[in-house]
Amino acid sequence: MLCLGIETSCDETAIALVADGQCIGSILGTQAPLHALFGGVVPELASREHYRCIGPLYDKLMSDTNVVIDDLDIIAVTRGPGLLGALLVGLAFAKGLAIASDKPLIGINHLHAHLLVADLEEPIEYPALGLLVSGGHTHIYKIDAPDAFVLLARTLDDAAGEACDKFAKMLGLPYPGGSIVDILAQQGIADPYLFPRPYTSGPELDFSFSGLKTAAAMYLKQYPQLVEEGRRYCSGDNTSIKKEFYNVCASYLLAISETLYIKMERALHKHHHEIKTIIVAGGLAANTFIRQSMYTFAANYNRKILLPKHKLCTDNAVMVAYSGELLAKKGYTHNLDVSAIPRGQYIPNDMIKI
Ligand code: KG4
Ligand code: ZN
C-alpha cells in the first residue's frame, strides 16, 4: 500500500510517501526562521507560507521518488489539532488531490500520528502507554490499537514544550528555544531543588506547567545576570559564559523530565499489568533529559520503550503517511467533508469503515 501524507498543522509544511511500512520519500519546509522574527508562530503568516510552499514541495517529492498520483492508494492529511488556517491549506490540497485522482482520503489526528510513527522503527506491542510531549500538548494515552486511544492525562495550562520555549524566551534565546535550552543544559549540572515538580503533590494524572514557568521567571528576576548571559550567548560571544547559566538550564529540564516521570509512573500503576510498551513522542521526545528519564522509567518497570529518532519526533509528514496506512489497512477512510479541528477542540471519531 502506498500512502501520501500531508502535514500543515503548525509551522512545517511536510509531505511524505510511505509504502508498506517503509518511508520512501519525505520533504519538509520549515517556517521557523520567519516566525522567530516575531518570537512565536504568527498563524496568518503560517497559512500563507503553507499555501506558497505546498505545491512545489509536492511536485519535488513526486519527481524525486518517481511516483505519480495514480500510484497512490490513499491520501492522508493532518486534520487537527493545529492552527485552523494552516490545517485548511493541507486539507484543501489533499482534497484537491483526492478529487483529481479519485483516490480515498483520510484525515489524521496529529497527536496520535506522533505516537504511531514509533511503530515504523520497531513494532508497538499493544496495549501501550504513550507520552506525547510537543509544543502545544502534553498528553498520556493508553493505546490499545492504532484506532483505539484513551486519553488518560492532559495539561491544564502550558504544555511542556511551551514551558521550554517560554523559559528560552526569558533567557533571551530565539524562538523556538527548546532545543537550544537542551544543548545548553548538557553543559550544566542540574540542581534538583532549584525548581518545583509542578502539580505532583496530589494524586492527579493531569499536568500543569505554569507554576514552573513562574518559578523560573522569579528566579531569573533575582539573578538578572543569567539573562545577560543568554543575550551574550545569542550574539555568539560564548567564551566566558558562567557555569550558572548552563546549570539553570539543566535544573529546569530536570524539573520537566522528573515531572513527566512521576505522572507516567502513576499512569502505569493504574494499568500496570496490561501495558507492554512505553512510547514517547512529539518534539520534546528529542530532549536529552526527557529521553534519559524515560529510558530509566522503562528499565525500572521492565517495559519495552520506543523513542523515535529525532527527525520523527518533531513535526513531519512520515507520521501522517504511516498513520494513514495503518488506518487504511483497517478499512478506514473519510468523506470529502472531513473537517479541520483547531487546537483545544474535540476531534470526532468520524472515520468510515469500509
Ligand atoms: O511536536 P513538535 O515538533 O510540534 C508540535 O506539534 O508542537 O514540537 C515542537 C516543540 C517546541 O516547543 C520545541 O521547542 C520543542 O518541541 N523541542 C525541544 C527539543 N526539540 C524540539 N524541546 C526541548 N529539547 C529539544 N531537544
Ligand atoms: Zn507535533
Notebook entry, point to check: Can you name the residue in the stretch 313-336 that is part of a loop (DSSP other than H, G, I, E, B) and more than 16 Å from ligand 1 (Cβ to nearest atom) and is also surrounded by the most Cβ atoms within 10 Å (Cβ to Cβ) among such residues?
Noted result: LYS330
Margin query: Return the residues of the stretch 130-145 that are polar (S, T, N, Q) and within 8 Å of ligand 1 (Cβ to nearest atom); say none if nothing qualifies.
Written below: SER134
Next item on the list: Inspect the stretch 286-293 for any residue being farther than 26 Å from SER201 by Cβ and either hydrophobic (A, V, I, L, M, F, W, C) or outside any helix (DSSP H, G or I) (or both) and give the result as yes or no.
Entry: yes
Check: Of the residues that make up the stretch 271-284, is at least one surrounded by 22 or more Cβ atoms within 10 Å (Cβ to Cβ), within 16 Å of ligand 2 (Cβ to nearest atom), among the hydrophobic types (A, V, I, L, M, F, W, C) and over 16 Å from LYS142 (Cα atoms)?
Finding: yes
Notebook entry, point to check: Condition test on LYS169, is it more than 16 Å from ligand 1 (Cβ to nearest atom), of a type outside the set (A, V, I, L, M) and closer than 29 Å to SER210 by Cα?
Noted result: no
Checklist line | ASP20 of a type outside the set (Phe, Trp, Tyr), under 22 Å from ILE99 (Cβ atoms) and in contact (Cβ under 8 Å) with a residue 40 or more places away in the chain | finding: no
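For (1) assigned to a strand (DSSP E or B); (2) within 16 Å of ligand 2 (Cβ to nearest atom); (3) of a type in the set (Lys, Arg), each residue gets a yes or a no:
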site	(1), (2), (3)
GLY107	yes, yes, no
ALA113	no, yes, no
TYR126	no, no, no
GLY135	no, yes, no
PHE167	no, no, no
GLY172	no, no, no
ILE189	no, no, no
PHE195	no, no, no
SER201	no, no, no
Check: Between a first residue in the stretch 112-140 that is in contact (Cβ under 8 Å) with a residue 40 or more places away in the chain and under 16 Å from SER257 (Cβ atoms) and a second residue that is in a loop (DSSP other than H, G, I, E, B) and within 11 Å of ligand 1 (Cβ to nearest atom), which pairs have beta carbons less than 6 Å apart while being 6 or more apart in sequence or on different chains?
Finding: LEU132/GLY282; VAL133/GLY282; SER134/GLY282; THR138/ALA159
Next item on the list: Could you please find all residues in the stretch 91-129 being farther than 25 Å from ARG266 by Cβ and either within 12 Å of ligand 1 (Cβ to nearest atom) or small (Gly, Ala, Ser) (or both)?
Entry: ALA92, ALA94, GLY96, ALA98, ALA100, SER101, GLY107, HIS110, ALA113, VAL117
Next item on the list: Considering every residue within the stretch 231-248, establish whether at least one is more than 17 Å from ILE290 (Cβ to Cβ) and surrounded by 22 or more Cβ atoms within 10 Å (Cβ to Cβ).
Entry: yes
Note to self: For the condition under 17 Å from ALA145 (Cβ atoms), assigned to a strand (DSSP E or B) and of a type outside the set (Asp, Glu), what is the one hit in ILE278, ILE305?
What the structure shows: ILE278
Item checked: For ASP157: the one exception among (1) part of a loop (DSSP other than H, G, I, E, B); (2) within 20 Å of HIS310 (Cα to Cα) -> (2)
Notebook entry, point to check: When ARG291 is evaluated against the numbered criteria (1) loosely packed, with under 14 Cβ neighbours inside 10 Å; (2) among the basic types (Lys, Arg); (3) without any contact (Cβ under 8 Å) to a residue 60 or more places away in the chain, which criterion, by number, is the only one it fails?
Noted result: (1)
Note to self: Quick check on my filter: what residues within the stretch 38-77 are modelled with pLDDT under 95, touching a Pro at 6+ places or on another chain (Cβ under 9 Å) and surrounded by fewer than 20 Cβ atoms within 10 Å (Cβ to Cβ)?
What the structure shows: GLY39, GLY40
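The values are calculated or read from the model by the stated rules, or taken from the named source; none is laboratory data. A quick note: this is a predicted structure, and the numbers were derived from the prediction, not measured. Backbone-built Cβ (ideal geometry, glycine too); neighbour counts: all protein chains shown.
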